[in-house]
Structure formats: C-alpha cells, structure tokens
Amino acid sequence: MRLGESRFVKHIDFRLVIATLALIGVGLVLLASAPNGRPLLTKQLFVAIIGFGAMLVAIYVDYEFIANAYEVIYALNIMALILTLLIAAQTRGARSWIGLGPFTLQASEFSKLALVATLAVFMSERGGRPQDPLFLVMSFVQVVALPVLLILLQRDTGTALVLVAIWAGIMLAAGSRLDHMGLAMLGVFVAFGLLWKWGRLPAEHVARIRYWLHPGLDPTDEGYHYIVTPATIGSGGVWGTGYGMGPMTQNVRVPEQQTDMIFSVLGEEWGLVGCTVVLALFLFLIWRGLATIEEAKDPLGRYLAAGVVAMLLCHVFVNIGMQTGLMPITGIPLPLMSQGGSSLISCMIGIGLLVNVHMRRRKITF
C-alpha cells in the first residue's frame, strides 16, 4: 500500500494544487476583511474543507470511470436542473438555488462539470469528425442544448454562457476548425441581434446591456454597478488602501462585494500589485491546464482537461471583465475566491480532474 501511495503522490502536479489553495486563501482573507464577513468566512472555510476532500477524490479515482457513467451523470444533471426550476425560490432575479437547511445548492454550478464529463465522453467515442460542420452543430444539439435551455429558463444567462464556452473549448481541443467555430459564434450574435430588434429579449438582458453602454442614464440604480465597481478597483492605486481599510468596501458601497464583485475588494485594498498577483495565479492555472491537454494520454483525458480549462478561463475573463466595465454584468463568480459553496466545490472538483489527467499521462501501477 505504501508503495502504491508513493507512486500516486509522485505524479501529482503539486504546483497546480498550491496555486489553487493560494487563490482560495486570498478569497478567505478578502472575506475576512469585509464588514460582517466573519460568519461568511467560517462558512466558506467549512465549504473549502469539503471541497478539498472532493478534489482529492477527483484526483484519486481514475477518470476513465466517466466513460461508463456518463449517461447516468447526464440524466442526473437534467433531473437536478428540472427540479431546480420546480422548487427553487427566486433570488436576485434567478431561480437557481435550492435551500438545504442553512445551506443552498446551486445545481447549475455542478451542471458545468456534468457537461465537461458527458461531452468529453461523447467526443472520445465519436472522434475523427470534428472538422465536419454538421457534426459540430449536432454535438451542441445532442449534448449541450438541453442543459443550456434549462439554465436559461432559470434566468441564469452567465452559467449558460459558461456551458457554451465549455463546448467551444472541447471542440477546439478535438480539432474543430476555427472558421467553423467563428461562423457558429457569428450565428449566435446575429440571432441575438434579431431578438433585440424584434423586442424578444427578456427585459433584464436589455437593461444590462443598455446600462453597461450608458451607465449615466440611471447612475443611482441600474447603472450604479457599472460606475462604482471600476472606480473602486482603480481607487486602490498601486499598493492599495490596506487590509480592511477600503472606504468603498467597508461602507458597503459595492453591491455583492463578497460574491461576484470580490475582485473590486482586491483592487481597493491590495491595489495593482495584489490584482497582478491574483491574475498571475489564474494564468498559472490556465497554463498548467493547457500543458495537461497537450500531455494527456488519451482523447478522453484531453477533452476533460479542455473542458475544465474553458470553464475556468470563461469565469475569470467574464467576471473580471464585468467588474472593470469591459462586459455587461452576468452574475458569474470569480473561481475559488467568490463566496459561494457550490461554485467553490465545483471548481475544486474541476481542478482535481485536471490533476487526475496530468497524473495519469503515464501509466501508474499501484
């Protein structure tokens, strides 16, 4: 047993694990600095411990078991999303959270991992046709469309966007042509534009885009986020105002500062230096993920790694983009740092899968 354990540990990418724990640590420190953040800190630390256990399981169990369980994973995913629509209470305009005593479960967070698993198996079993544009469309229709639709019905556009990014990442890893992917994305934008022109988009989507482009139209309500969040990040300067010393965050002038807008707390209190360190850690995760894609021993491992990398990259890009005014607000948390149990655990499981694929790039005998 000891020999097997030593071989198991020897092949773990500890750099990836350390970077993950460092980002979680930064998130916990930022939560502790927030007003009334101590109860949230205790809860988030408890969830992080659970997430670490789940990450270890994701590392240890051979990822090839997914090939035999993907149909069950897909069915459970759809059932959970339907159940959410039926019983979840509406919170912040979305119907995504199921109450479980003192905790809440967001099924759509785990839907990302379910899609990574099911689409990775789908592609590994039907490889050799990624450059066929019809196959590209059918892969979306057969595997991705239903969970995306169910999440859109929950009014959670941000998570639906992440599912599309996961699909795109796995398709690119499978060898799909960039021009085909570009045409697919163009089709999405054209459809969006037509729905806008015909007045078929939900009112909150129209409002988000309108006030993103023109926040001054309603600076105290709808446009407030777009004005105050970039200003808060910029107010930290190079070195920041110091731990617990940010006037905007300490006076709770930034809405959702412990969850989706936690990067604004980082910018104000830790300044450009702190933001650079955190971005470097995220870039390191992405770099190690890309290396894992290249080194994977088989197509299933490559697609699993590609899906996780696409998920993390989309989260980081969209979350920081919406806080800096580069994108409309979509309610996507910052991975590993935003307060929220479902998001943290799902991200840690995803990184566990990355470590798993990297560890098994060579045959390990236990």
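Tabulated values for the structure
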quantity: Note, ³J(HN,Hα) from phi for the stretch 309-322, Karplus 6.51, -1.76, 1.60, rounded to Hz, x at Gly and Pro; calculated: 4, 4, 4, 5, 5, 4, 4, 5, 5, 6, 4, 5, x, 6
quantity: Cβ-Cβ FRET estimate between R126 and L45, R0 fixed at 35 Å, reported to 0.05; calculated: 0.25
quantity: Positive-end residue, the chain charge dipole about Cα centroid, Cβ charges, pick of V318, G244, H180; calculated: H180
quantity: Integer Hz, Karplus 6.51/-1.76/1.60 couplings in order for the stretch 142-158, x for Gly and Pro; calculated: 6, 10, 9, 4, 5, x, 4, 4, 5, 6, 5, 5, 6, 6, 10, 5, x
quantity: Residue-span extension gain [L194 to T276] - 0.36 nm each, minus C-alpha spacing; calculated: 25.6 nm
quantity: Separation in nanometres of the label points that stand 7 Å from Cα toward Cβ, at A67 and H11; calculated: 1.5
quantity: Point-charge dipole on Cβ atoms (K/R +1, D/E -1) for the stretch 2-359, about Cα centre, debye to 20; calculated: 80
quantity: Mean separation of Cα contacts under 8 Å, 6 or more apart, over the residue count of the stretch 2-359: relative contact order %; calculated: 28
quantity: Viscosity 1.567 mPa s, temperature 4 °C, Stokes-Einstein D of the chain from Kirkwood C-alpha radius, µm²/s; calculated: 61
quantity: L153-M185 FRET efficiency (beta carbon distance; Förster radius 25 Å; 0.05 resolution); calculated: 0.65
quantity: All aspartates and glutamates inside 20 Å of K297 as judged from Cα atoms, apart from same-chain residues fewer than 8 positions distant; calculated: D13, D62, E64, E125
quantity: Estimated inter-spin distance, Y60 and E295, nm [label 7 Å along Cα→Cβ]; calculated: 2.3
quantity: Mean ellipticity per residue at 222 nm, deg cm²/dmol - from DSSP H runs of n ≥ 4 across the chain, formula -39500 (n - 2.57); calculated: -23000 deg cm²/dmol
quantity: Cleavage-rule hits, chymotrypsin sites (Phe, Trp or Tyr not before Pro), the stretch 212-319, DSSP coil, Cβ neighbours within 10 Å at most 13; calculated: W239, Y243
quantity: Cα centre as origin, Lys/Arg/Asp/Glu Cβ charges: the stretch 231-353 dipole, Debye; calculated: 80
quantity: Length-normalised contact order of the stretch 266-366 in % [C-alpha pairs under 8 Å, at least 6 apart]; calculated: 27
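Readers should treat all values here as calculations from the given coordinates under stated rules, not as data from a laboratory. No experiment lies behind these values; they were computed from the predicted model shown. Neighbour counts are summed over all protein chains in view; Cβ atoms, including those assigned to glycine, are modelled from backbone coordinates with ideal geometry.
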